[in-house]
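First comes the structure, then the notes that go with it.
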Amino acid sequence: MKPLQSSFLTSASGKEGWPDTDLPEVVVVGRSNVGKSSFINALTNKKKLAYVGSTPGKTQLLNFFDIDNRWILVDVPGYGYAKLSQAQIRKLGTMMDEYFNERQQIACVVSLVDARHAPSEDDKDMLDYFKQTGRRVIIGATKIDKVPKTKRLAALRTISKDLQIPLKNVFPISSVEKSGFDEILEAVYKLLPDASAEASVKSEKKAKPAGK
């Protein structure tokens, strides 16, 4: 994969702050300590595109990043770990529901889970939510470098089984080893709205006789 051209667009707490664009959006979700910011920085090959804090759960806004002027990556607040007040939790829940229910151009969700452990109940609840709302989901198994190589396939199979997601849609990734990001990007590109059109054009070019 060629390097991505990426830049921060805006942060939003509600629909009035969403960027005014028709570009498809790829949403990154996961527990607050799963490594979302590290994933985004490694994916885009920018060390400080997304904030990496020492305390999980600091992100409490929707953060939008332009990727290649072609699609938008959306970083949403983590779940299941941060020590928030009930008022903060309700506010985040309202913000998330509004976005996922009303944002029309969401192309897919990249759901990050920790490869070292079986998916949590929070992970399962999130996947159920996306399935119920018809969202297409790709799983990124983070921190795979911390799993012994002889046990990695078994870890991926556990994630696939527990989340009821085909194994082919579960991608082992490591920000430390810089591995798995080309594969997950390829899976994302296949789900972007213009993917089938591009494939059709490429097919036609191959089939068209030279000089015609």
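The values are calculated or read from the model by the stated rules, or taken from the named source; none is laboratory data. It should be emphasised that the depicted structure is a prediction, and the values quoted were computed from it without experimental measurement. Every residue, glycine as well, gets a Cβ built from its backbone with ideal geometry; the counts of neighbours run over all protein chains shown.
Scanning segment 111-157 for residues that are part of a helix (DSSP H, G or I), over 18 Å from TYR79 (Cβ atoms), in contact with a strand residue (DSSP E or B) (Cβ under 9 Å, 6 or more places away or on another chain) and among the charged types (D, E, K, R) turns up ASP145, LYS146, ARG152, ARG157. Restricting attention to segment 12-70, the residues that are of a type outside the set (S, T, N, Q), at pLDDT below 80 and either out of contact with any Gly (no Cβ under 7 Å at 6 or more places or on another chain) or surrounded by 23 or more Cβ atoms within 10 Å (Cβ to Cβ) (or both) total 9.
Quick one: in segment 161-197, which of the residues that are over 22 Å from LEU43 (Cα atoms) and either hydroxyl-bearing (Ser, Thr, Tyr) or part of a helix (DSSP H, G or I) (or both) is modelled with the lowest pLDDT? My answer is ALA197. Across segment 2-48, the number of residues qualifying as touching a residue at least 12 places away in the same chain (Cβ under 8 Å), in a loop (DSSP other than H, G, I, E, B) and either among the polar types (S, T, N, Q) or in contact with a helix residue (DSSP H, G or I) (Cβ under 8 Å, 6 or more places away or on another chain) (or both) comes to 9. Is one or more of the residues making up segment 117-129 of a type in the set (Phe, Trp, Tyr), within 30 Å of LEU23 (Cα to Cα) and surrounded by 16 or more Cβ atoms within 10 Å (Cβ to Cβ)? Checking segment 117-129: not a single residue is of a type in the set (Phe, Trp, Tyr), within 30 Å of LEU23 (Cα to Cα) and surrounded by 16 or more Cβ atoms within 10 Å (Cβ to Cβ). All conditions but one from (1) touching a Ser or Thr at 6+ places or on another chain (Cβ under 9 Å); (2) surrounded by 20 or more Cβ atoms within 10 Å (Cβ to Cβ); (3) within 18 Å of LEU62 (Cβ to Cβ); (4) not charged (D, E, K, R) apply to ILE139; the one that does not is (3). Inspection of segment 74-92 finds a residue satisfying the criterion of being closer than 18 Å to PRO193 by Cα, surrounded by 12 or more Cβ atoms within 10 Å (Cβ to Cβ) and in contact with a strand residue (DSSP E or B) (Cβ under 6 Å, 6 or more places away or on another chain). Set side by side, the residues THR94, THR133 differ, and just one is out of contact with any helix residue (DSSP H, G or I) (no Cβ under 9 Å at 6 or more places or on another chain) and among the polar types (S, T, N, Q), which is THR94.
Which residues, counting only those in segment 99-110, are surrounded by fewer than 16 Cβ atoms within 10 Å (Cβ to Cβ) and assigned to a helix (DSSP H, G or I)? Once the filter is applied, which keeps residues that are surrounded by fewer than 16 Cβ atoms within 10 Å (Cβ to Cβ) and assigned to a helix (DSSP H, G or I), segment 99-110 yields ASN101, GLU102. Considering segment 144-165 alone, what residues qualify as being farther than 26 Å from ASN101 by Cβ, under 18 Å from the mean Cα position of the chain (by Cα) and surrounded by fewer than 21 Cβ atoms within 10 Å (Cβ to Cβ)? Passing the criteria: LEU156, SER160.
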